[in-house]
Amino acid sequence: MTLTHYLVLSALVFALGVYAVLTRRNGVAILMGIELMLNAANINLVAFNKYTAPAAMQGQIFALVVITLAACEAAVGLALMLAVYRSVETIDVDEINLMKW
């Protein structure tokens with residue numbers, strides 16, 4: 001596989017993530033779309049590291065940082081969705097208007 005293959009795969013995964021975030025109304029599905037976009041960034045990081053500096057490990061280290069941040073984001077996001085569900089009894093983002101005046 002060449003770098004172009006990885007970039008095309010990353011672009012497809014990122015596009016799927018953007019589509020999921022923009023079209024879904026379920027809060028958990030939106031979080032899953034964000035995870036797809038972060039994984040697309042990880043594919044780019046590892047692919048560029050492989051083809052530009054194969055002996056160095058910067059790409060893998062940055063990917064681990066992004067994975068850690070994604071896990072933290074998922075934990076906080078799911079906690080927020082649980083809290084919203086307990087108070088409003090829905091996770092449809094169109095029906096959640098707690099921050100509106």
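The values are calculated or read from the model by the stated rules, or taken from the named source; none is laboratory data. Given the structure is predicted, the values throughout are model-derived calculations rather than measurements. Cβ coordinates were reconstructed from backbone atoms using ideal geometry, including for glycine residues, and neighbour counts include every protein chain displayed. Remember, those area values only see protein heavy atoms, side chains included, never the ligands or the DNA or RNA. Shrake-Rupley method; radii C 1.70, N 1.55, O 1.52, S 1.80 Å.
Quick notes
- In region 80-87 there is no residue that is at pLDDT below 90, more than 22 Å from VAL8 (Cα to Cα) and touching a Lys or Arg at 6+ places or on another chain (Cβ under 7 Å).
- Checking each residue in region 51-72 for being over 18 Å from the mean Cα position of the chain (by Cα) and without any contact (Cβ under 8 Å) to a residue 24 or more places away in the chain picks out THR52, ALA53, PRO54, ALA55, ALA56, MET57, GLN58.
- Restricting attention to region 52-65, the residues that are of a type outside the set (Val, Ile, Thr), open to solvent by 90 Å² or more (accessible area, probe 1.4 Å) and part of a helix (DSSP H, G or I) total 3.
- The set of residues in region 77-101 that are outside any loop (DSSP other than H, G, I, E, B), open to solvent by 90 Å² or more (accessible area, probe 1.4 Å) and not aromatic (Phe, Trp, Tyr) comprises LEU80, LEU82, ARG86.
- Just so you know, in region 24-43 the residues that are polar (S, T, N, Q) and open to solvent by 50 Å² or more (accessible area, probe 1.4 Å) include one that is nearest to VAL84 (Cα to Cα), and it is ASN26.
- Region 62-101, residues that are among the charged types (D, E, K, R) and farther than 14 Å from ILE30 by Cα: ARG86, GLU89, GLU95, LYS100
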